[in-house]
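Shown next, in structure tokens, is the structure this report addresses.
The values are calculated or read from the model by the stated rules, or taken from the named source; none is laboratory data. Please read all numbers here as calculations on a predicted model, not as lab measurements. No Cβ is skipped: glycine too gets one built from the backbone with ideal geometry, and neighbour counts run over all protein chains shown. Ligands, DNA and RNA are excluded from the accessible area calculation, which covers all protein heavy atoms including side chains. Shrake-Rupley method; radii C 1.70, N 1.55, O 1.52, S 1.80 Å.
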Amino acid sequence: MKHPAILLLSVVLPVVLLPSASFAMHISEGILPFSWAAFWFAASAPFLALGLRSLTRRSAHDLSSKPLVGMVAAVVFVISCMPVPVPTAGTCSHPCGTGLAAILLGPAMGVVVAAVALLIQALFLSHGGLSTWGANLFSMGVVGSFTGFFVFRALRACGVGAVVAAFTAGMLADWATYATTAVILAAGIRGASPFWPLAGKIALAFVPTQLPLGIIEGVITAGMVSLLCRKRPDLLSRTALAGMEVGKR
């Protein structure tokens, strides 16, 4: 009978050594030219600075704000670590969670939460890259957060219930993130190709996976808001929902 270690190696080595398809999470390292990578860093920087300033001011008045931000950041980190391969695009779709973060903390704080989640994923999980961190932050943090926040607030102002508004905000924040990702990728890799046809093709490549994932993210966002309204109304005063009539569903 073969030695157990030899038997184990005979099973593991072929799996490790044989080539296999790889699907990147977020926009991967080296995808964007330096000029475009630098541009998206610069575009994201003012929003991140605004978020950090908001966190500093908030924590000066409420010591519990930092643990709350940390908790939401952990939720976003976990949600955005659920990859679904997109073979036609050579990357992965995934929920984002920034719509939920923006509803609870405000859009500027949503950018900070996304920045932390994306940085940890790039450093320790090889999800996304450091050179493309600014581009990923712009699509997921800036566009996702502000879309989710303003959609939620607009629907609430129109009398739509909190849960329905949260569902719509979470769903549209997810879709807006991937529409922006398609634009960022097309701008960076198009070369001599026309911009909009390429952006449209990239966006269409995401549709089979991101369409249902956006709906799922809407359900997650609505579920979290509903849970807070029913089980922890005491936390609402510490979130961006403070002062809003959220009991209406």
Notebook entry, point to check: Among the residues of region 21-41, is any at positive phi, at pLDDT 55 or above and of a type in the set (G, A, S)?
Noted result: yes
Item checked: Those residues of region 205-236 which are in contact (Cβ under 8 Å) with a residue 40 or more places away in the chain and open to solvent by 70 Å² or more (accessible area, probe 1.4 Å), in sequence order -> P208, I215, I216, V219
Checklist line | Unique match (being touching a Cys at 6+ places or on another chain (Cβ under 8 Å), open to solvent by less than 30 Å² (accessible area, probe 1.4 Å) and in contact (Cβ under 8 Å) with a residue 60 or more places away in the chain) among A162, A135 | finding: A162
Margin query: Which numbered condition in (1) surrounded by 10 or more Cβ atoms within 10 Å (Cβ to Cβ); (2) modelled with pLDDT under 50 is the only one that M1 fails?
Written below: (1)
Notebook entry, point to check: Looking at region 194-204, is at least one residue within 16 Å of the chain's Cα centre (by Cα) and either open to solvent by less than 40 Å² (accessible area, probe 1.4 Å) or modelled with pLDDT of 90 or more (or both)?
Noted result: no
Notebook entry, point to check: When R153 is evaluated against the numbered criteria (1) touching a residue at least 40 places away in the same chain (Cβ under 8 Å); (2) more than 30 Å from S35 (Cβ to Cβ), which criterion, by number, is the only one it fails?
Noted result: (1)
Check: Could we say that A117 is surrounded by 22 or more Cβ atoms within 10 Å (Cβ to Cβ), without any contact (Cβ under 8 Å) to a residue 60 or more places away in the chain and either in contact with a Leu (Cβ under 7 Å, 6 or more places away or on another chain) or over 21 Å from P33 (Cα atoms) (or both) here?
Finding: yes
Check: Could you list, in sequence order, the residues of region 180-193 that are open to solvent by 20 Å² or more (accessible area, probe 1.4 Å), in contact with a helix residue (DSSP H, G or I) (Cβ under 6 Å, 6 or more places away or on another chain) and among the aliphatic types (A, V, I, L, M)?
Finding: V183, L185
Next item on the list: Looking only at region 161-176, decide whether some residue is under 14 Å from the mean Cα position of the chain (by Cα) and of a type in the set (D, E, K, R).
Entry: yes
